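Engineer: Sharing a structure below in structure tokens format, with a few things to ask.
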Amino acid sequence: MHVHSLITDSATLANLCSRWSQADFIAVDTEFMRESTYWPELCLIQVADTEEAAAIDPMAPGLDLTPLLELLTNNEDVLKVFHAGGQDIEIVYNLTGKTPHPLFDTQVAAMALGQGEQIGYSNLVDSWLGIQIDKGARFTDWSRRPLDQRQVDYAVGDVTHLARIFPRMLERLRKTGRGQWLDQEMERLADPANYANDPDVAWKRVRINSRKADVLGRLKAIARWRELEARGKDLPRGRIVKDETLADLASHPPKRQGDLAKVRGLSPTWAGNEIGARLMAAIAAAGPLPESEMPPREDRKPGLGKDGALVADLLKLLLKIRARDIDVAPRLLARSDELELLAAGQRHGLSILEGWRYDQFGHDALDLVEGRLGFAVKGGKLKMTRTEEETAA
């Protein structure tokens, strides 16, 4: 594979993208910094196909990224391969309003191949290529220029290894017949709604004990205010106000701006400055959270009483056994919330009762809750067993 020198000019990038646009797939990775900003600061983009690889410097003066962004978001003929690509996809979305498509995530694919739920990149490379990655440049400041050759080599290695792993992984998936299992997961990853960061739903990320509509309404209002302040100043949310302070303000709202000086976690200067005034305006304008937006009770799932909770526990045990038997990560088969809904009597709208998940797990799960399946210990191993009623039938 030919590895190019660091790409810093538009003509070279455009020529590379023209060639990459003819590839079956490209491996993609990014390096970024986000410790001191709201928006992740894109510092490096790495791309490789089976023939050539390059690191691209988005901070280079005058570099036009348009051909690369077009390749990532508008070329449906080239598969984009990431590893744990959520943050990489978010960066592309922030730049374009679109997500890379079609895409393939090797961390998700590893779940279908029995390599755990969140295998790290270095472990993936070791398991597929027998290569131990030098992590010396892992925590480098990618925003500093110039980058030295060791940093560039480390970054490009992320995609050259991935370009070798992906075809092998794809072949294994084809042999096991599990490739189609991943289609839904990859489409979910590519859904732009996952990366939109709507200020009106920012409150859902803040932990708060209260379920009072007025408290949650204030939380929604001030979480939205914080999101907009953070965006406008390009600062992390926590630099504006930490989550625990937001929850405290929502539960115990100050009556006047001067009271902000007494709030733990806020600067005393907020008692008289403009940002404090904007916070008070957000609190004053907040109304009760509508019933339609109230979060579900965590301790009272629909119809899930004490017996239902025990059934849900049995379903989780069944999930572990089934995942072990077919050598797949449990999370790929089913989520805990779906098991609880199944235990509570829901039979529609559950992914475990559709398609391959039904064939591999949902059928047995349904049999368990409806009394046609049980557990037995045979040879020291816990196994599933059909009831006499099912056997007779």
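All of the numbers you see were taken from the coordinates with simple rules; none came from a lab. Please read all numbers here as calculations on a predicted model, not as lab measurements. Using ideal geometry, Cβ is built from the backbone for each residue, glycine included, and neighbour counts are taken over all protein chains shown.
Engineer: Please name whichever of 249, 263, 277 sits farthest to the positive end of the charge dipole of segment 199-293, dipole taken about the Cα centre and charges placed at Cβ: Lys and Arg +1, Asp and Glu -1.
Structural biologist: 263
Engineer: Rounded to the nearest 5, what % of the DSSP beta bridges within segment 2-195 are antiparallel ones?
Structural biologist: 55
Engineer: Among the lysines, which fall within straight-line cross-link reach of residue 320, defined as a Cα-Cα distance under 29 Å, with same-chain neighbours fewer than 8 residues apart omitted?
Structural biologist: Straight-line reach from residue 320, under 29 Å: 175, 301, 306, 378, 381, 383.
Engineer: Rounded to the nearest 20 Debye, what is the dipole magnitude of segment 40-168 about its Cα centre when Lys and Arg each give +1 and Asp and Glu each give -1 at the C-beta?
Structural biologist: My answer is approximately 280 debye.
Engineer: Rounded to the nearest 500, what is the 222 nm mean residue ellipticity of the chain from helices alone, with -39500 (n - 2.57) per DSSP H run of 4+ residues and division by all residues?
Structural biologist: Value at 222 nm, helices only: -13500 deg cm²/dmol.
Engineer: Right, next: Sort out for me the Cα centre separation of segment 248-290 from segment 189-233, rounded to whole Å.
Structural biologist: Segment 248-290 and segment 189-233 have Cα centres spaced 16 Å from each other.
Engineer: Same structure, new question: Defining a contact as two alpha carbons under 8 Å apart and six or more residues distant in sequence, what relative contact order in percent does segment 87-135 show?
Structural biologist: 18
Engineer: Per 0.36 nm of contour for each residue apart, how much would the distance between residue 277 and residue 74 grow if the chain were fully extended, relative to their Cα-Cα spacing?
Structural biologist: That works out to 68.7 nm of additional length.
Engineer: Separation between the residue 351 and residue 123 pseudo-spin-labels, each 7 Å from Cα along Cα→Cβ, expressed in nm?
Structural biologist: That separation, rounded to one decimal, is 2.1 nm.
Engineer: Now for a different question. Under a cut-off of 21 Å between alpha-carbon atoms, report the lysines in cross-link reach of residue 98, not counting same-chain residues fewer than 8 places apart.
Structural biologist: 80
Engineer: FRET efficiency for residue 24 and residue 134, Cβ-Cβ distance as r, R0 = 45 Å, nearest 0.05?
Structural biologist: 0.95
Engineer: To the nearest 20 debye, what charge dipole does the chain have about its Cα centre, counting +1 at the Cβ of each Lys and Arg and -1 at the Cβ of each Asp and Glu?
Structural biologist: 1600
Engineer: Then there's this: Of 115, 385, 3, whose Cα points farthest to the positive end of the dipole of the chain (charges on the beta-carbon: +1 Lys, Arg; -1 Asp, Glu; origin at the Cα centre)?
Structural biologist: Value: 385.
Engineer: How would you classify segment 334-393 from its alpha-carbon gyration tensor, with a ≥ b ≥ c the square roots of the eigenvalues: rounded for a/c under 1.5, else prolate if a/b is greater than b/c, otherwise oblate?
Structural biologist: Judged from the Cα gyration tensor, segment 334-393 comes out prolate (a/c at least 1.5, a/b above b/c).
Engineer: Please give the FRET efficiency for residue 317 paired with residue 233, using the beta carbon to beta carbon distance and R0 = 41 Å, rounded to the nearest 0.05.
Structural biologist: So, using R0 = 41 Å, E works out to roughly 0.25.
Engineer: Residue 384 versus residue 251, label points 7 Å from Cα toward the beta carbon: distance in nm?
Structural biologist: For residue 384 paired with residue 251, the spin-label model returns 4.3 nm.
Engineer: Indicate the gyration tensor shape class of segment 13-128 (rounded, prolate or oblate), computed on the Cα atoms with a ≥ b ≥ c the square roots of the eigenvalues: a/c under 1.5 is rounded; otherwise a/b larger than b/c is prolate and the rest oblate.
Structural biologist: Oblate is the answer for segment 13-128, as a/c is 1.5 or above yet b/c matches or exceeds a/b.
Engineer: Computed from these coordinates, which is P(r) over Cα pairs in 20 Å bins from 0, in percent: (i) 30, 61, 9, 0; (ii) 27, 59, 14, 0; (iii) 22, 44, 32, 2?
Structural biologist: Working out P(r) over Cα pairs in 20 Å bins from 0, in percent from the coordinates points to (iii).
Engineer: Given R₀ = 22 Å, what would the calculated FRET efficiency be for residue 372 paired with residue 310, taking r from the Cβ atoms and rounding to 0.05?
Structural biologist: Here the calculated transfer efficiency is 0.80.
Engineer: Turning to a different aspect of this structure: Toward the positive end of the charge dipole of the chain, about the Cα centre and with charges on Cβ (Lys, Arg +1; Asp, Glu -1), which of 127, 75, 50 goes farthest?
Structural biologist: Among 127, 75, 50, the one farthest towards the positive end of the dipole of the chain is 127.
Engineer: Between residue 267 and residue 359, how many nm apart are label points set 7 Å from Cα along the C-beta direction?
Structural biologist: In this crude spin-label approximation the distance works out to 6.0 nm.
Engineer: Can I ask one more? Would you mind calculating the gained length between residue 186 and residue 8 on full extension (0.36 nm times residue separation, minus the Cα-Cα distance), in nm to one decimal?
Structural biologist: Fully extending the segment from residue 186 to residue 8 adds 60.9 nm.
Engineer: Tell me, how many Å apart are the Cα centres for segment 14-30 and for segment 76-123?
Structural biologist: Each part reduced to its Cα centre gives a spacing of 16 Å.
Engineer: Which GluC sites (Glu not before Pro) in segment 52-91 sit in a loop by DSSP (not H, G, I, E or B) and have at most 16 other Cβ atoms within 10 Å of their own Cβ?
Structural biologist: Answer by residue number: 76.
Engineer: While we're looking at this one, here's another question. Looking only at 250, 281, 155, which one moves most when the chain is put into a Gaussian network model with springs between Cα atoms under 10 Å?
Structural biologist: Looking only at 250, 281, 155, the biggest GNM fluctuation is shown by 281.
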